[in-house]
Amino acid sequence: MTEKILIVEDEPTLQETIAYNLKKQGYEVEIVGNGHAALEAARTLNPNLLLLDIMLPGLDGFEITRILRREMNIPIIMLTARDDEIDRVVGLEMGADDYLAKPFSMRELMARVKAQLRRSRLHKKEIEKYAEKNAPQETLNFGELVINTTRHEITLHNKALSLKPKEYELLLFFAEHRGQMLSRSLILERVWGWNYIGDSRTVDVHIRWLRKKIEDDPSKPKRIITVRGGGYRFEG
């Protein structure tokens, strides 16, 4: 996905120069020239990065940063014609991620943009991994046999089992109908689909494979029971 950068700068020549160089790097660019428009554009576009001049008509860059930091977490690089230390300190304390004094080289600006976007991508990945790791896990428990339906994982005696996709679907179908007698035709229809071209021997073969993985003694199954003249029943 193309990353979007919002330029907030009231000097037309600098607007065009920055936009031209960013577009050459493959970024999507939007430009506004005053503080109030900057807030509206940031909220509407939700850009990946904000290049923000401090001295703007309407609201200045400090106030924009203060407001946006309460609403979103995007990298902000401040641009200013002044190189005073107090401006840098105030900008960073307000929540800016970087600070660049004018005049600056386009090469340096592009390098800082890339660095901030890379840091932002890594941060988002870390958040996603944490959320996935700590998300509530949906499980079906049958003693030592556990089916994690969130992660599509099967464990037996705390050891992960390697199941083929159809074996997993078959086991899950059994688990969802524990204690019920399921005919071969019903299993074939629900697991393989009504338009599957094949016969009930497919079910028998897959159950044989599944028993080898989840039964302590596949020759004397206790989890998937054969119902004479009917089909199969899952006892868990």
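Tell me the relative contact order for segment 99-236 as a rounded percent, counting alpha carbon contacts under 8 Å between residues six or more apart. Numbers along the way, then the final one.
Working: 126 pairs, mean separation 25.3, N = 138.
Value for segment 99-236: 18 percent.
Spin-label pair Asn148-Val89: with each label point 7 Å from Cα along the Cα-Cβ axis, the two points sit 5.0 nm from one another.
Using Cα atoms only, what is the angle between the long axis of helix 165-176 and the major principal axis of the chain, expressed in degrees (0 to 90) to the nearest 10? The angle comes out at about 70 degrees. Separation of segment 176-223 from segment 38-55 is 57 Å, based on Cα centroids.
The lysines within cross-link reach of Lys159, meaning a Cα-to-Cα straight distance under 20 Å and a gap of 8 or more places when in the same chain, are Lys133, Lys212, Lys213, Lys222.
Only one residue of Phe104, Leu6, His123 has its Cα farthest out toward the positive end of the dipole of segment 4-134, where Lys and Arg carry +1 and Asp and Glu -1 on Cβ, and that residue is His123.
For segment 1-71, the list of trypsin sites (Lys or Arg not before Pro) that fall in a loop by DSSP and count at most 12 other C-beta atoms within 10 angstrom reads Arg70.
Gain in length, His36 to Glu235, computed as 0.36 nm per residue apart minus the alpha-carbon separation, to one decimal in nm? Mind dumping the intermediate values first?
Working: separation 199, 0.36 × 199 = 71.64 nm, distance 6.56 nm.
Stretched fully, the His36-Glu235 segment lengthens by 65.1 nm.
Annotation: amide H-H contacts under 5 Å for Ile224 (H modelled 1.01 Å from N, sequence separation of 5 or more, or interchain): Glu235.
Multiply the residue gap between Glu215 and Met110 by 0.36 nm, knock off their C-alpha separation, and tell me the result in nm, one decimal place.
On the way: separation 105, 0.36 × 105 = 37.80 nm, distance 6.01 nm.
Contour length minus the Cα-Cα distance gives 31.8 nm.
Helix-only estimate, please: 222 nm mean residue ellipticity of the chain, summing -39500 (n - 2.57) across DSSP H runs of length 4 or more and dividing by its residues, to the nearest 500.
Numbers: 8 runs with 102 residues, N = 236.
-13500 deg cm²/dmol, from helical runs alone.
For Met55, the residues 5 or more places off, or on other chains, whose built amide H falls under 5 Å of its own are Gly61, Ala81. At an R0 of 22 angstrom, the distance between the Cβ atoms of Met181 and Asn158 translates into a FRET efficiency of 0.10. For the chain, the longest principal axis of the C-alpha atoms and the axis of helix 106-134 are separated by about 30°.
Taken along the Cα-to-beta-carbon direction at a fixed 7 Å, the label points for Thr2 and Arg118 span 2.3 nm. A Cβ-based charge dipole, computed about the Cα centre of segment 139-234 with Lys and Arg at +1 and Asp and Glu at -1, lands at about 200 debye. Taking the 0 to 90 degree range and rounding to the nearest ten, how far is the long axis of helix 12-24 tilted relative to the main principal axis of the chain, both from C-alpha atoms? Taking the Cα atoms of the chain, the angle to 12-24 is about 30 degrees.
Values quoted throughout were computed directly from the atomic coordinates according to the rules given, and no laboratory measurement underlies them. The shown structure was predicted, so the numbers you read here are calculated from the model rather than taken from an experiment. Note that we place each Cβ from the backbone using ideal geometry, even for glycine, and neighbour counts take in every protein chain shown.
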